[in-house]
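Chemist: Can you read through this structure? Questions will come right after.
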Amino acid sequence: MTKLSSNIQSVFEIQSQQKWVNKASSAKQRIDKLQRLKQVIQSRKQDVIQALHVDLRRDAETAEAELLITYGEIEHCVAELANWMAPVEVDSTPLADSRARIITEGRGIVLLFSPWNFPFALLFAPLVSIIAAGNCAMIKPNELAPNISKLAADIIRDVFDEKDVAAFEGGVALANEMLELPIDHVFFTGSPAVGKIVMTAAAKHLASVTLELGGKNPVIIDRTADLRDAAEKIAVMRNINHGQVCLCPENIWVPQEMASEFMAIVQGTFQSLYYKDGKLNPDVNGKMIDERNFDRVKSYIDDAREKGANIVFGGQADTELRSIHPTIMTDVPTNAKIMGEETFGPILNIFTYNHVDEAVSSIQQQPKPLALYIFTKDDDFIEMILSKTSSGGVTVNDCAVHFNVPALPFGGVNGSGIGAYHGKHGFTELSHQRSVLVM
Ligand code: NAD
């Protein structure tokens, strides 16, 4: 084991005491913490918007969405926490003269690592569940969004005593140092590759994990679909945050005879929304988070082109803006690099089918994605696709919006993640369900 920095070690020791206090805390005590968190975030609203603009060239409206996600989680918890915490009496058969109940208790100390693409909401939304469930937290905001990392750490230090929640800023070396600690749970949002490293580290201490990962999200368009509606929604969702969203549609399956019209509508949408005077408009196009990711996504296009893919639209990379043009590709061969990796950039790959089983069979051979999207007016088609595929979640006739429903658990499956959160699901995920039998 490497030597831990004294600050990390001392916070861990203080939290190792405090976790017993937090586990026994009342709904009111947890709600007080959440309300204070909301107040402080509200008072720093302009700082959040500004930091998101600098880190990601995010416009004010999408920046505000990160705040709304966080407030939504807090408000829902504040309203429901007492109910969620109530013990559940259960039947104690076959044991006569006994009482059985299930209580929920905090898991203990939770390590929280967040991604850079929604660096505010995907740090604070899980934190809400962690606090609601009566845990302590040691947090590392994402180093690739340095302005949000600093601001988030400031907010955490302002709201919490470090015995409850402590923030540490840094990169991979710090993450690895924190993963040496014998913590109780890790809540990680990031790539599948790092998810495996996190899970391996957690296994050393038998810590439980929540892994919120990514993947290549497929879309299946049925012949009954409203094609214009589907194409416009897919075009917008593919370019949001410059395509750096875990829920972005990526591989689009469209009936052969509808493909040209579909691509024409997508192109028209790209052109009308993201270009001004024939040039990429930086006011509405984000940027790749760093040079490495810019080069990575650019290389997907170059590699696919070299291997015979057809670039129907876009394909250029603007070094000055650090932006990739919204891109449509067809005929991407299976040996192209982009076929094996999550793109995390504004590229749509179009595949056509004559019979929908061709799409289903291809999706079945890929790792299970975080989301699958279906565009159709036929309920039987929906059920057929659901029965033959698996994914973390599904939205029908739109993209990504299942994320916004707190009653739905949000998470992946196998390659796209383990565990889920949002609303009560987050409370449950961050709790241990303890069985109690009184004879
Ligand atoms: P990442 O996996 O590179 O990094 C996430 C965290 O892990 C960071 O804190 C980073 O410091 C740490 N880390 C990186 N390399 C490490 C290593 N070798 N050892 C230990 N820790 C390490 O992910 P990212 O680039 O920040 O985010 C993009 C990924 O996140 C995409 O795959 C995306 O799909 C996924 N994502 C998933 C969701 C979701 O809710 N499922 C949401 C947003 C992003």
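Chemist: Within segment 147-174, track down each residue that is in contact (Cβ under 8 Å) with a residue 40 or more places away in the chain, part of a helix (DSSP H, G or I) and surrounded by 17 or more Cβ atoms within 10 Å (Cβ to Cβ).
Modeler: Passing the criteria: Asn147, Ile148, Leu151, Ile155, Val159.
Chemist: Does Met199 count as in contact with a Phe, Trp or Tyr (Cβ under 9 Å, 6 or more places away or on another chain) and outside the structural domain of Asn397 (by TED's automatic domain parsing)?
Modeler: Numbers: in contact with a Phe, Trp or Tyr (Cβ under 9 Å, 6 or more places away or on another chain): yes; outside the structural domain of Asn397 (by TED's automatic domain parsing): yes.
Against the criterion (in contact with a Phe, Trp or Tyr (Cβ under 9 Å, 6 or more places away or on another chain) and outside the structural domain of Asn397 (by TED's automatic domain parsing)), Met199 qualifies.
Chemist: Just give me the residues in segment 345-378 being closer than 21 Å to Arg238 by Cα and of a type in the set (S, T, N, Q), in sequence order.
Modeler: Within segment 345-378, Asn349, Thr352, Ser362, Gln366, Thr376 meet the criteria.
Chemist: Can we say Ala96 is open to solvent by 10 Å² or more (accessible area, probe 1.4 Å), under 24 Å from the mean Cα position of the chain (by Cα) and either free of Cβ contacts under 8 Å to residues at least 24 places away in the same chain or on the phi > 0 side of the Ramachandran plot (or both)?
Modeler: Numbers: open to solvent by 10 Å² or more (accessible area, probe 1.4 Å): yes; under 24 Å from the mean Cα position of the chain (by Cα): no; either free of Cβ contacts under 8 Å to residues at least 24 places away in the same chain or on the phi > 0 side of the Ramachandran plot (or both): yes.
When the stated conditions are applied, Ala96 does not pass them.
Chemist: Leu430: assigned by TED's automatic domain parsing to the domain that holds Lys23 and either within 16 Å of the ligand (Cβ to nearest atom) or among the basic types (Lys, Arg) (or both), yes or no?
Modeler: Working: assigned by TED's automatic domain parsing to the domain that holds Lys23: yes; either within 16 Å of the ligand (Cβ to nearest atom) or among the basic types (Lys, Arg) (or both): yes.
For Leu430, the condition - assigned by TED's automatic domain parsing to the domain that holds Lys23 and either within 16 Å of the ligand (Cβ to nearest atom) or among the basic types (Lys, Arg) (or both) - is met.
One line per residue, one yes/no per condition, for (1) outside any loop (DSSP other than H, G, I, E, B); (2) within 10 Å of the ligand (Cβ to nearest atom); (3) under 30 Å from Leu321 (Cβ atoms):
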{"residue": "Asn176", "(1), (2), (3)": "yes, yes, no"}
{"residue": "Phe188", "(1), (2), (3)": "yes, yes, no"}
{"residue": "Ala193", "(1), (2), (3)": "yes, yes, yes"}
{"residue": "Ala203", "(1), (2), (3)": "yes, no, no"}
{"residue": "Val219", "(1), (2), (3)": "yes, no, yes"}
{"residue": "Ala225", "(1), (2), (3)": "no, no, no"}
{"residue": "Ala231", "(1), (2), (3)": "yes, no, yes"}
{"residue": "Ala235", "(1), (2), (3)": "yes, no, yes"}
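Residue-wise test of (1) among the basic types (Lys, Arg); (2) under 23 Å from Ala235 (Cβ atoms); (3) open to solvent by 30 Å² or more (accessible area, probe 1.4 Å); (4) assigned by TED's automatic domain parsing to the domain that holds Asp357.
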| residue | (1), (2), (3), (4) |
| --- | --- |
| Asp380 | no, no, yes, yes |
| Lys388 | yes, no, yes, yes |
| Ala400 | no, yes, no, yes |
| Phe410 | no, no, no, no |
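Chemist: Going through Gln9, Gln46, Gln50 one at a time, which residue ends up being of a type outside the set (Asp, Glu), open to solvent by 40 Å² or more (accessible area, probe 1.4 Å), assigned to a helix (DSSP H, G or I) and farther than 30 Å from Asn285 by Cβ?
Modeler: Working: Gln46 fails: farther than 30 Å from Asn285 by Cβ; Gln50 fails: farther than 30 Å from Asn285 by Cβ.
So the residue among Gln9, Gln46, Gln50 that is of a type outside the set (Asp, Glu), open to solvent by 40 Å² or more (accessible area, probe 1.4 Å), assigned to a helix (DSSP H, G or I) and farther than 30 Å from Asn285 by Cβ is Gln9.
Chemist: Can you tell me how many residues in segment 393-419 are free of Cβ contacts under 8 Å to residues at least 60 places away in the same chain and small (Gly, Ala, Ser)?
Modeler: 2
Chemist: All but one of (1) in contact (Cβ under 8 Å) with a residue 40 or more places away in the chain; (2) within 12 Å of the ligand (Cβ to nearest atom); (3) under 19 Å from the mean Cα position of the chain (by Cα); (4) closer than 24 Å to Val21 by Cα hold for Ile139; state the number of the condition that does not hold.
Modeler: If we test Ile139 against (1) in contact (Cβ under 8 Å) with a residue 40 or more places away in the chain; (2) within 12 Å of the ligand (Cβ to nearest atom); (3) under 19 Å from the mean Cα position of the chain (by Cα); (4) closer than 24 Å to Val21 by Cα, just (1) comes out false.
Chemist: Let me ask something else about it. Quickly run through segment 313-356 and pick out the residues that are part of a strand (DSSP E or B) and either open to solvent by 50 Å² or more (accessible area, probe 1.4 Å) or over 23 Å from Met258 (Cα atoms) (or both). Working first, answer last.
Modeler: Restricting attention to segment 313-356, the residues satisfying the condition of being part of a strand (DSSP E or B) are 313, 317-318, 323-324, 327-330, 347-353.
Correct list: Ala317, Asp318, Ser323, Ile324, Thr352.
Chemist: If you don't mind, another one. Just give me the residues in segment 276-307 being in a helix (DSSP H, G or I), in contact (Cβ under 8 Å) with a residue 24 or more places away in the chain and acidic (Asp, Glu), in sequence order.
Modeler: Glu291, Asp303
Chemist: Filter segment 253-275 for residues that are touching a residue at least 40 places away in the same chain (Cβ under 8 Å) and in a helix (DSSP H, G or I); which is surrounded by the fewest Cβ atoms within 10 Å (Cβ to Cβ)? Give the steps one after another, and end with the answer.
Modeler: Just the residues of segment 253-275 that are touching a residue at least 40 places away in the same chain (Cβ under 8 Å), to begin with: 253-256, 259, 262-263, 266-267, 270, 274.
Within this subset, residues satisfying the condition of being in a helix (DSSP H, G or I) are 256, 259, 262-263, 266-267, 270, 274.
Numbers: Gln256: 12, Ala259: 19, Phe262: 23, Met263: 19, Val266: 24, Gln267: 17, Phe270: 22, Tyr274: 21.
Applying the filter and picking the extreme gives Gln256.
Chemist: Scan segment 57-90 residue by residue and report those that are part of a helix (DSSP H, G or I) and touching a Lys or Arg at 6+ places or on another chain (Cβ under 7 Å).
Modeler: Leu67, Tyr71, Ile74, Glu80, Leu81, Trp84
Chemist: How many residues does segment 205-217 hold that are assigned to a loop (DSSP other than H, G, I, E, B) and either within 16 Å of the ligand (Cβ to nearest atom) or small (Gly, Ala, Ser) (or both)? Steps first, please.
Modeler: The initial filter retains those residues of segment 205-217 that are assigned to a loop (DSSP other than H, G, I, E, B), namely 205-207, 213-216.
Restricting the remaining residues to those that are either within 16 Å of the ligand (Cβ to nearest atom) or small (Gly, Ala, Ser) (or both) gives 205, 207, 213-216.
So the answer is 6.
Chemist: Further question: With respect to the numbered conditions (1) over 24 Å from Val209 (Cβ atoms); (2) hydroxyl-bearing (Ser, Thr, Tyr); (3) in contact with a helix residue (DSSP H, G or I) (Cβ under 8 Å, 6 or more places away or on another chain), which one is the sole condition not fulfilled by Ser98?
Modeler: (3)
Chemist: What do you reckon, is Val396 within 13 Å of Leu247 (Cα to Cα), surrounded by fewer than 22 Cβ atoms within 10 Å (Cβ to Cβ), under 22 Å from the mean Cα position of the chain (by Cα) and at pLDDT 95 or above?
Modeler: Details: within 13 Å of Leu247 (Cα to Cα): no; surrounded by fewer than 22 Cβ atoms within 10 Å (Cβ to Cβ): yes; under 22 Å from the mean Cα position of the chain (by Cα): yes; at pLDDT 95 or above: yes.
No: the conditions fail for Val396.
Chemist: If you scan segment 368-378, which residues turn out to be open to solvent by 10 Å² or more (accessible area, probe 1.4 Å) and either assigned to a strand (DSSP E or B) or within 16 Å of the ligand (Cβ to nearest atom) (or both)? Break it down into steps so the answer makes sense when it comes.
Modeler: We begin by selecting, within segment 368-378, every residue open to solvent by 10 Å² or more (accessible area, probe 1.4 Å); these are 368, 377-378.
Across segment 368-378, the qualifying residue is only Lys368.
Chemist: Tell me whether segment 95-107 contains one or more residues that are more than 16 Å from the ligand (Cβ to nearest atom) and touching a Cys at 6+ places or on another chain (Cβ under 7 Å).
Modeler: Restricting attention to segment 95-107, the residues satisfying the condition of being more than 16 Å from the ligand (Cβ to nearest atom) are 95-107.
Subset that is touching a Cys at 6+ places or on another chain (Cβ under 7 Å): none.
No, segment 95-107 has no match at all.
Chemist: Right, something else. Inspect segment 352-367 for any residue being in the same structural domain as Asn251 (by TED's automatic domain parsing) and within 16 Å of the ligand (Cβ to nearest atom) and give the result as yes or no. I'd like the intermediate steps shown before the answer.
Modeler: At the first step, the residues of segment 352-367 found to be in the same structural domain as Asn251 (by TED's automatic domain parsing) are 352-367.
Within this subset, residues satisfying the condition of being within 16 Å of the ligand (Cβ to nearest atom) are 366-367.
Checked segment 352-367: at least one residue is in the same structural domain as Asn251 (by TED's automatic domain parsing) and within 16 Å of the ligand (Cβ to nearest atom).
The values are calculated or read from the model by the stated rules, or taken from the named source; none is laboratory data. Remember, it's a predicted structure, so these values are computed and weren't measured experimentally. Methodologically, a virtual Cβ is constructed for each residue, glycine included, from the backbone with ideal geometry; neighbour enumeration extends over all protein chains shown. For the accessible areas, the whole protein counts, side chains as well, though only heavy atoms, and no ligand, DNA or RNA atoms are used. Shrake-Rupley method; radii C 1.70, N 1.55, O 1.52, S 1.80 Å.
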